[in-house]
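Chemist: To start, I am sharing the structure in question, which I have written as C-alpha cells.
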Amino acid sequence: MSSPRRRQVRQLTVQGWQYLVFAVMGVVVLAGGTAVAVLLNRTDQVSGQLIRHIQPARVAAYKLQAALRDQETAVRGYLIAADKRFLEPYYEGRQVEQEASAEIRQLEQDRPDLLDDLDAIELAAGSWRTNYADPLIAGVDPGDPSLVSPSAAQQGKVEFDRLRVLFDVQNEHLDGARTDAIGELDQMRTWRNGVLLAMLGAFVVTMLLLAVLLRRALVRPLAALAKACRSVAQGNFAERIVPQGPRDIRAIADDVENMRQRIVEELDASRAAAEALDVHAEELRRSNAELEQFAYVASHDLQEPLRKVASFCQLLEKRYGDELDERGREYIRFAVDGAKRMQVLINDLLTFSRVGRLNATEVEVGLDRALDSALGNLETSMQESGAVIERPAEGLPEVSGDPTLLTMLWQNLIGNAVKFRRAGIAPRIRIECRPESDDSGPHWALSVSDNGIGIAPEFTDKVFVIFQRLHGRDAYGGTGIGLALCKKIVEHHGGTIWIDTSYTDGTRFRFTLPARADDSADALLEGSAP
C-alpha cells in the first residue's frame, strides 16, 4: 500500500470503517445478485421458449402430419369405394392442416429455420393435392369404383414420400430445437449454480478478509488501548499509551495519554507534597511533644516557687503586719492574690497539656456516671445558685473514652452554665441526647442548654481558644481555659463541639461522641425509639 493510501486509511474513523465494511459487502451482494438475476432471466426465457413455443410447435407439427396422412388415407379409400363418406377425413384433415399450420407459424414466428420446414411441407402438400389427390377425386364417379392406373398411383406415392421425408426433417429440426433449448437451460442452471456458489465463496472470503481487517484496524487497537488503560488503572502510571488504529480511537488514546501524563504530574506533585507534609508533620509532632513537655515541666516546676512566694508573702503579712501601713498590707494581698491566680493558671495549663497524652485511658464509660461525678464536684455552687438539671429520662449511653476527661467535660459545661447565669434567675440546665449517623458513621449527638446570659454570635469561635475571656475578672472568675479544654477533650474522643447560634434563650453547646464499635446505626435508632 502506498504511503498516501495508508494515510487515507489512517484517517478513517470507526464509523468510516463501518461504512467501508458495509460498502464492500454491498458491492459483493449487488454483483452476485445482478449475475444471478441475469441468469434467472435467461433461464426463464429459455424455459418459456421451450414450454410455450417449441413443445406446442412439436404437438402442432404432429397434428399437421397426422392430418396429411389422414388426407392420403381418405383419398385411397375413396378411390377404392367411390363413397363420398370416405372424403370426410380428407376435408377434416385439410381443416386440421390449416389450423396446425397457422398455430406453428404463430408459435415459431421468431424461428425462420422452422418456418422454412413448414413452408416446404405446405408446398409439397399443395403439389400432392394438385398433381394427385384433386385430379383423382374429380375423376371418380360416386358409386362406380375404378382401378387406379399404376403410373398415377406411383406418382401419388412419390409425392407423399416427399412429404414423409419433409415430416422427418421437420421433426428432426423440432427435436433439435428442443434439445438445444434443454441444453441451454441446463447450461443456464449450471451457470446459475456456479454463480451462487461463487457468490457464496466470495461472501465468505470477503467476510474473512473483513474480519481480519477489522481485527487489525479496530479490535487490536481497542484491545491495546483497553490493556494500557487497565495497566494505568492498576497503578502502572509509567506505561505510555501509544495511539494506533482509526482516527477517533487514536484521538481517544491521545486523550488518555494526556490524562495519564497529567496524573503522573499530579502524582509526582502529590508525592512531593506528601513527603514535605510528612517532614512538617514530623517536625510538628516533635514540636508539639516538646511544647507539651515544656508546658508540663514548666507548670510542674513553677508550682514550688509560686507556693513559696505566696507562703512567704503571707508570713510577711503575719509577722510584720502591725508595722506596715494599709498600703503595704494591700501590696502584700495583691502579691498573694497574683501568686494564687498564677497557681490556678498553671494547674489549668497542666490539665490542658495532659489531655490526649500517652497515659490516657480508653475504657467503656457511662456518660451518666461521668455526669454524676461532675455534678458531685459542682454540688456547692449548684446549691448556692439553685440550679436545676434536666436529664434524659432514658439515661445517657456508654462510649469509649477516658472517664476523667469526660467528667471534666461535663463539669466545665455545667459549671459555665451555673457561673454565667442571669441575675435573680435560678439556672435551668437541660441535657439532651439522640443517636445520629452520617458519613463518619454512627454517633451520639448531645447538647447542654441553659437560660443564662448567652454568647454573642461573633464570639462563638473565640470562646474555644485557650485563655480567651469575654468578661473581666471582677465580673466572672476563671482563667478562660475551660471551653478550650472541652474542645480538646471532645476532639480527642473523635467528636466535634460547637455553639448552637439558633438558640436564643441562653447558651446551647452541641457536641458529638462516636458510638462504640459494636453499636450500629440501626441499633442506636432502635434503642432511642420510645
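Chemist: On full extension of the chain, what length is gained from Thr73 through Val219, given 0.36 nm per residue of separation minus the C-alpha to C-alpha distance?
Modeler: 43.8 nm
Chemist: Using a basic spin-label model with each label point 7 Å from the Cα along Cα→Cβ, how many nm lie between Thr380 and Ile137?
Modeler: A separation of 16.7 nm, rounded to one decimal place.
Chemist: Here's another thing I want to ask about it. Name the shape class, rounded, prolate or oblate, that the alpha-carbon gyration tensor gives for region 402-451, where a ≥ b ≥ c are the square roots of its eigenvalues, rounded holds for a/c under 1.5, and otherwise prolate holds if a/b is larger than b/c and oblate otherwise.
Modeler: Oblate.
Chemist: Please compute the length gained on full extension between Ala66 and Glu282, using 0.36 nm multiplied by the number of residues separating them and subtracting their Cα-Cα distance.
Modeler: Working it through step by step, the gained length comes to 65.0 nm.
Chemist: Show which aspartates and glutamates lie in cross-link reach of Lys227 when reach means a straight Cα distance below 18 angstrom and same-chain residues fewer than eight apart are skipped.
Modeler: Answer for Lys227, where 18 Å is the Cα cut-off: Glu239, Asp248, Asp254, Asp255, Glu257, listed by chain and number.
Chemist: Let me ask something additional. Once neighbouring chains are kept in place and the probe is 1.4 Å, which whole percent of the accessible area of region 51-121 is contributed by carbon and sulfur?
Modeler: The computed percentage sits at 52.
Chemist: Would you mind listing how long region 153-226 runs along its three principal axes, going by Cα atoms, in whole Å with the largest first?
Modeler: Between the extreme Cα coordinates on each principal axis of region 153-226 lie 104, 9, 7 Å.
Chemist: Simple spin-label model, 7 Å along Cα-to-Cβ: Glu266 to Asp110 in nm?
Modeler: With each label placed 7 Å out from Cα toward Cβ, I get 7.9 nm.
Chemist: How far, in nm, would the chain grow between Phe203 and Ala445 when pulled straight, counting 0.36 nm per residue and subtracting the alpha carbon separation?
Modeler: 79.7 nm
Chemist: For every other residue with a beta carbon closer than 13 angstrom to the beta carbon of Trp191, add +1 if it is Lys or Arg and -1 if Asp or Glu, then tell me the sum.
Modeler: In short, +1.
Chemist: Considering only the other residues whose Cβ falls under 14 Å of the Cβ of Gly395, what net charge follows from Lys and Arg at +1 and Asp and Glu at -1?
Modeler: -3
Chemist: 7 Å from Cα along Cα→Cβ at both Met259 and Val24: what's the point-to-point distance in nm?
Modeler: Taking the two extended label points, one gets 3.1 nm.
The values are calculated or read from the model by the stated rules, or taken from the named source; none is laboratory data. Just so it is clear, the structure is predicted and the values come from calculations on it, not from any experiment. All Cβ positions, even for glycine, are placed from backbone atoms using ideal geometry, and neighbour counts span all protein chains on display. For accessibility, only protein heavy atoms count, side chains too; no ligands or nucleic acids. Shrake-Rupley method; radii C 1.70, N 1.55, O 1.52, S 1.80 Å.
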